[in-house]
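Since the structure comes first, as structure tokens, the remarks are kept for the end.
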Amino acid sequence: MRAYRNLVGLVLALILVAGCSRGDREDQQRSDAGKPRAERGLVVAKVGDSTITVGQLEDELNRLHSSIRVRFSSPERRKDFLKTLVRFEVLAAEARRRRLQKDPQVIKRAKRAMIDVMMDELRSSLVKMEDITDKDVEAYYNKHIELYKQPPKVRASLIVVKTRAEAMKLMADARKKAGDARYFAELAVKHSIDPASKVRRGDLSFFSKKEGKLPNEIVEAAFAIDAMWTVGGPVQTAQGWAILMKTGEIAARNHPFEMERDRIRNRLYNERRLQKVDQYVKDLQAKAKIEVLDQNLAKVKVKEAPHPPSSLMPHPPHPPH
């Protein structure tokens, strides 16, 4: 079975190689400024009716990562690499002899490989990096300015009670379990008279000084707490007296446009490529003659997955005493 799968893979590669027409190879040769076209066409090995040329060997070597490619700088090592291509051609010829190029599995995998190659070409051809203008980049930056410029924020939990004495007592209780946010939340549920924060166990989430979502005295008291998980207060509010625990902080962010320019350009380039490719595929589908036969679709049978063993098995009886 493994040998069969290997042969299927080789036939697939053979189909893709055959799909690169002579014109494609000539285009490659013309684009190679380092060697004259005739030299790239010279044969370095013959395998039956097939040949391997200088250009083909160069292309295969140049597809390797530079850290690997350097290993084949000597003629002896290049000859070793050539042996792998010869082996490929020998096995491909055997696969053709077995007519595996007509195997449904090979044809399906060849289609998938062709689609992958086509999609790579579409992604690189439908949109160019130079299509993303400075105006596009600046517009994105301004539209999403909150990603690049943000004031400092803190997160805090709140307990509000009616009197200062109650607040002092709760603060003393909370400080006995210093840094225990869960205990502070339990105190908020049990004692706080602020309904909005009480349902969230005292949590106020993140806020900045200028958002205006919370009373100024609460905001100032929260920002005055230096260390995380520290209790501060008490502070008088319109509802009563409040104590707070600092549970989070976010430093100010100030990334100027120049710092983010290239990153935004790459993001827009990738997003636009995806959009263009998606639209291209939709257009192809709109032009194609597609017909779904529901009456036959209903006849498709799908095997049911085996039922997993139940985890609710009855407990074995206790052994007699």
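The values are calculated or read from the model by the stated rules, or taken from the named source; none is laboratory data. The structure presented is a predicted model; accordingly, all values stated were derived computationally and were not measured. Here the Cβ positions follow ideal geometry from the backbone for every residue, glycine too, while neighbour counts run over all protein chains shown.
Taking the condition in contact with a Phe, Trp or Tyr (Cβ under 8 Å, 6 or more places away or on another chain) and hydrophobic (A, V, I, L, M, F, W, C), does Leu61 pass? In short, yes.
Of everything in region 88-106 that is free of Cβ contacts under 8 Å to residues at least 40 places away in the same chain and part of a helix (DSSP H, G or I), the residue that is nearest to Ile52 (Cα to Cα) is Arg97. Among residues of region 225-250 that are assigned by TED's automatic domain parsing to the domain that holds Gly179 and surrounded by 15 or more Cβ atoms within 10 Å (Cβ to Cβ), those with a beta-carbon under 8 Å from a residue that is part of a loop (DSSP other than H, G, I, E, B) and of a type in the set (Phe, Trp, Tyr) at least six positions away or on a different chain give the pairs Met245/Trp229; Lys246/Trp229; Thr247/Trp229. Per the conditions (1) at pLDDT below 95; (2) crowded, with 19+ Cβ neighbours inside 10 Å, the sole criterion not satisfied by Lys213 is (2). Beta carbons closer than 8 Å, at least 6 apart along the sequence or on distinct chains, pair a first residue in region 164-183 that is touching a residue at least 40 places away in the same chain (Cβ under 8 Å) with a second that is surrounded by fewer than 14 Cβ atoms within 10 Å (Cβ to Cβ) for Arg164/Gln236. For region 84-118, which positions are under 25 Å from Glu58 (Cα atoms) and either under 26 Å from the mean Cα position of the chain (by Cα) or surrounded by fewer than 11 Cβ atoms within 10 Å (Cβ to Cβ) (or both)? Scanning region 84-118 gives Thr84, Ala113, Met114, Asp116, Val117, Met118. A search for C-beta distances below 7 Å between a residue of region 187-198 that is in contact (Cβ under 8 Å) with a residue 40 or more places away in the chain and any residue that is among the polar types (S, T, N, Q) and surrounded by 13 or more Cβ atoms within 10 Å (Cβ to Cβ), counting only pairs 6+ apart in sequence or on different chains, returns Ile193/Gln239; Asp194/Gln239.
Taking region 195-250 as the range and being among the β-branched types (Val, Ile, Thr) and under 18 Å from Gly179 (Cα atoms) as the test, the residues that pass are Ile225, Thr230, Val231, Ile243, Thr247.
Of the residues making up region 142-152, not a single one is farther than 30 Å from Phe223 by Cα, free of Cβ contacts under 8 Å to residues at least 12 places away in the same chain, not assigned by TED's automatic domain parsing to the domain that holds Met228 and not β-branched (Val, Ile, Thr).
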